[in-house]
1. Let me check against my output: what whole-number percent is the relative contact order of region 10-128, with C-alpha pairs under 8 Å and at least 6 apart?
2. Considering only the other residues whose Cβ falls under 12 Å of the Cβ of V17, what net charge follows from Lys and Arg at +1 and Asp and Glu at -1?
3. L123: net charge of surrounding residues, Cβ under 10 Å, Lys/Arg +1, Asp/Glu -1, itself excluded?
4. Under 8 Å for C-alpha pairs, at least 6 residues apart: give me the relative contact order for region 73-140, rounded to a whole percent.
5. Please express the Cα-Cα pair-distance distribution P(r) of region 10-128 as a list of whole percents, one per 10 Å bin, running from 0 to the bin with the greatest distance.
6. Tally Lys and Arg at +1 and Asp and Glu at -1 over the other residues with C-beta under 14 Å from the C-beta of F26: what net charge comes out?
Amino acid sequence: MSIAPAPFEQQVTFLYVRDTEASYRFYGETLGLPLVLDQGLARIYRVASGDAFLGICKASAVQQAPSPDRAPLGVILTFVTQDVDDWYQRLTAKGVVFEKVPKENETYRIYNCFFRDPDGYLLEIQRFLSPEWPKPRLRA
């Protein structure tokens, strides 16, 4: 009998925007989402009382104008875990092809890897190396 893997500890959805200051005001002030981490080029807000977050990032020239049928290019769904390498090995064994193998990103102080879902959405598995990042909450 196979035991199912534990669920991911946290989840972050990153949105790429043209005007970061307007988006920061909208998500931080208008919607009142609490700022959790300012990475300089991105800000991450808590979305719910649990461990779900929304990251707002400046869009690059490539991301400025995806066609409507290619909207997945504008979103990254990020699963946060301390076990990036374990997930990489587990998913590789299941035939998942990774666009980027696990590696440290010094700019954002993360360790991460990327792959796509069947519809082309970019998915990321990452561990925050910054001590300011909140630890997962224990569930009763």
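1. Relative contact order comes out at 25 percent.
2. Values: positive: R18, R25, R43, K58; negative: D19, E21.
Neighbour charge sum, excluding V17 itself: +2.
3. On the way: positive: R116; negative: E99, D117, E124.
Once positives and negatives cancel, what remains is -2.
4. Working: 101 pairs, mean separation 24.8, N = 68.
Value for region 73-140: 36 percent.
5. 13, 41, 36, 9, 0
6. Details: positive: R18, R25, R43; negative: D19, E21, E29.
After counting each charged neighbour, the total is 0.
Read the figures in this text as sums done on the coordinates, not as results from a lab. As the structure is a computational prediction, the values presented were derived from the model and not from experiment. Here the Cβ is made from the backbone with ideal geometry for all residues, glycine too, and neighbour counts use every protein chain on show.
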